[in-house]
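Bear in mind these aren't lab numbers, they're just calculated from the coordinates by the rules spelled out. Just so it is clear, the structure is predicted and the values come from calculations on it, not from any experiment. Note that we place each Cβ from the backbone using ideal geometry, even for glycine, and neighbour counts take in every protein chain shown.
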Amino acid sequence: MSAQVIDGKSIAKSVRQEVAAATQQLLTATGIVPHLAAILVGNDPASEVYVRNKERACAAVGLKSTVHRLSAETTQNELLALIELLNRDKEVHGILVQLPLPQQLDSMSILDAVLPSKDVDAFHPENTGLMLQGRPRFLPCTPAGIMKMLQVCGIQTVGRHAVVIGRSDIVGKPMAALLVQKGVDATVTICHSRTVDISRVCRGADILIAAVGIPEFVKGDMIKPGAVAIDVGINRVGERLVGDIDYAAASQVASAITPVPGGVGPMTIAMLLQNTLTSAKLAAGS
Ligand code: NAP
């Protein structure tokens, strides 16, 4: 059996089309153009690519974007001062601090400084709390993109066992939190580096979500036949991008699987655009 390929590219395209149409409507009704301000500190090549992709994606749906490029030697106070400026700027609706930040910067207090109503990555503790309580302002982009893929593909979550590998604040924890919300109703297990017999736990999953950061960590024999396999990982191996799931083996066992690239990645950017639009609408009171 060969698994259904969950086409993140095409699902993301339809989300972007919806965002483009709603952005046009907002402009017509209020004259407001949603504006995302990205902050890039240093010259990490992968971060450069991510920020450029986000700029392009904004332009394609009619959102304004500006990129603030700061040197690798930027101090905590300099970065906080820029965030404060953007927090106060009424024409900026979303603020994105590209991670990772250089070592001299304290990422957590930097992210805490972003005004929650402009925190379109949904990393601020206020937004995390609202999400946990099931009354989100913004949803974190990668987990929200995965939920959208499950919904569009008609993948049932109610009563099913979802196993999330990884407990980062950006992916693993919020992913588990969304899966356990009322209405989604999965039974959720979170695995991490101290989990004992992870293969056995994964084999119990109806929906397996891998966010580990280790190329092809999940082998075919860790997947229950017919399970849904969602691969968050983006790992560069030589010239290739490889996920956290052994795609060739897993696609022989799973009923549906996301490819890397072209799976979760495009959804993450699409959800960022959606959050920026939501922020502008909230600011406009519409
Ligand atoms: P992270 O912060 O490094 O977290 C990795 C998680 O994996 C940690 O919780 C860690 O456990 C767990 N882990 C590490 N080794 C393990 C092992 N041997 N067994 C079980 N668990 C293990 O990474 P992240 O930010 O969540 O990202 C994960 C991957 O997703 C990366 O490849 C990243 O590039 C990718 N990513 C993709 C997107 C996208 O849009 N597609 C977005 C974000 C991230 P401990 O907590 O115990 O250390």
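Here are the numbers for the structure shown:
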item	result
Neighbour-count order for 255, 10, fewest beta carbons within 10 angstrom listed first	10, 255
FRET efficiency, residue 24 to residue 108 (Cβ-Cβ, R0 41 Å, nearest 0.05)	0.65
5 angstrom amide H check on residue 97, placed H, neighbours 5+ away	39
Nearest-0.05 FRET efficiency for residue 237 and residue 156, computed from C-beta distance (R0 41 Å)	0.75
Efficiency of FRET between residue 135 and residue 189 - r from beta-carbon atoms, R0 22 angstrom, step 0.05	0.30
0 to 90° range, to nearest 10: angle between helix 8-30 axis and the chain longest Cα axis	30 degrees
Whole-number percent relative contact order across the chain, with pairs defined as alpha carbons under 8 Å at least 6 apart	23 percent
Residues listed by number, the stretch 134-171, amide nitrogen under 11 Å from residue 9 label point at 7 Å toward C-beta	none
Over the chain - Rg/Rh using Cα atoms and the Kirkwood inverse-distance radius	0.97
For the stretch 143-286: relative contact order, % (alpha-carbon pairs under 8 angstrom, 6 or more apart)	20 percent
Pairwise centroid distance, computed over Cα atoms, of the stretch 196-234 with the stretch 242-286, Å	17 Å
Cα gyration tensor category, rounded, prolate or oblate, for the stretch 12-65 with a/c compared to 1.5	oblate
Peptide ranges 19-32, 122-135, 203-216 listed from the most packed, as the mean C-beta count within 10 angstrom indicates	203-216, 122-135, 19-32
Stretchable slack from residue 284 to residue 221, in nm (0.36 nm times residue separation minus alpha-carbon distance)	17.6 nm
Value of relative contact order over the stretch 1-78, rounded to a whole percent, pairs C-alpha under 8 Å and six or more apart	33 percent
